[in-house]
1. Give the residue, chosen from 140, 156, that is among the aromatic types (Phe, Trp, Tyr) and either touching a helix residue (DSSP H, G or I) at 6+ places or on another chain (Cβ under 8 Å) or open to solvent by 70 Å² or more (accessible area, probe 1.4 Å) (or both).
2. Can you confirm whether the range 131-140 contains a residue that is over 21 Å from residue 11 (Cα atoms) and outside any strand (DSSP E or B)?
3. Which of the residues spanning the range 36-50 are closer than 18 Å to residue 152 by Cβ and open to solvent by 10 Å² or more (accessible area, probe 1.4 Å)?
4. Checking residue 55 against (1) surrounded by fewer than 21 Cβ atoms within 10 Å (Cβ to Cβ); (2) within 18 Å of residue 134 (Cβ to Cβ); (3) among the polar types (S, T, N, Q): exactly one of these is not met. Which one?
5. Say whether the condition of being farther than 27 Å from residue 123 by Cα, basic (Lys, Arg), within 16 Å of the chain's Cα centre (by Cα) and surrounded by 15 or more Cβ atoms within 10 Å (Cβ to Cβ) is met by at least one residue in the range 185-192.
6. Could you look through the range 108-130, keep only residues that are among the aliphatic types (A, V, I, L, M) and part of a loop (DSSP other than H, G, I, E, B), and pick out the one that is nearest to residue 197 (Cα to Cα)?
7. Can you confirm whether residue 88 is in contact (Cβ under 8 Å) with a residue 40 or more places away in the chain and open to solvent by 20 Å² or more (accessible area, probe 1.4 Å)?
Amino acid sequence: TVIICPTRGMISARVVQAWQGLARPMNQKVFGPIFMQGMEVGEAYNEGIKVILENPDMSTFKFICTLEEDNAPQPDGLLRLYESIDDYDVVGGLYWTKGEGGQPMAYGNPNQKPLNFIPQIPQPDTVTPVNGLGMGFNLFRTEMFKDKRFEYGKWFKTLNAEEGKTYTQDLYFFEKAVGLGYKMAVDSRVKVGHYDYASDTMW
């Protein structure tokens, strides 16, 4: 597994401590995080994925893990994502948007049509199929990014109203992934803190 982290350059000690406590699987390679600094977030992910795929060693790793600069997973979070990915192409830990009245970063029910990204609250301690996830703590199968049906190097893109649709880079990717038949899920056993730098609060 290779870990990617886009960053603006400042990471809280509380977040770093969570990363340092993250258990890694025995007898398996885990490399990173690879930091992508000073880029728009969609471009940071694109460049990070390209670094991995164009490296002779890292391109052979089975999984890519995304870990954002304000997310603090529980110590066994990565191990639990390995357990739950068998039937999926991407699994993510559960975290919420910051602030009172936040919403879960788990979007859409694959059993509902038309395709949507309405936030859903998964049942406790379950693996719940979704259409999309935030990028805070996800495990992706590397082979997804080698799929030639995606435009190479342009997996993620942030769209604004001027482009006809407002989309964050994560849901831009997941809409395409769903259309290509990939399956995503959120593992609510994996609790992920969401750190607010302004208030020094871990949501």
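The values are calculated or read from the model by the stated rules, or taken from the named source; none is laboratory data. No experiment lies behind these values; they were computed from the predicted model shown. Every residue, glycine among them, receives a Cβ derived from its backbone with ideal geometry; neighbour counts consider all protein chains shown. For the accessible areas, the whole protein counts, side chains as well, though only heavy atoms, and no ligand, DNA or RNA atoms are used. Shrake-Rupley method; radii C 1.70, N 1.55, O 1.52, S 1.80 Å.
1. 156
2. Checked against the condition, which is being over 21 Å from residue 11 (Cα atoms) and outside any strand (DSSP E or B), the range 131-140 yields at least one hit.
3. Of all residues in the range 36-50, those closer than 18 Å to residue 152 by Cβ come to 36, 39, 42-50.
Those that are closer than 18 Å to residue 152 by Cβ and open to solvent by 10 Å² or more (accessible area, probe 1.4 Å): 36, 39, 43, 47, 50.
4. (2)
5. Our first condition is that a residue be farther than 27 Å from residue 123 by Cα; within the range 185-192, this holds for none.
Looking through the range 185-192, none of the residues is farther than 27 Å from residue 123 by Cα, basic (Lys, Arg), within 16 Å of the chain's Cα centre (by Cα) and surrounded by 15 or more Cβ atoms within 10 Å (Cβ to Cβ).
6. Step one: filter the range 108-130 for residues among the aliphatic types (A, V, I, L, M), giving 115, 118, 121, 127, 130.
Next cut, part of a loop (DSSP other than H, G, I, E, B) only: 115, 118, 121.
Details: 115: 34, 118: 27, 121: 25 Å.
Result: 121.
7. Numbers: in contact (Cβ under 8 Å) with a residue 40 or more places away in the chain: yes; open to solvent by 20 Å² or more (accessible area, probe 1.4 Å): yes.
Yes, satisfied.
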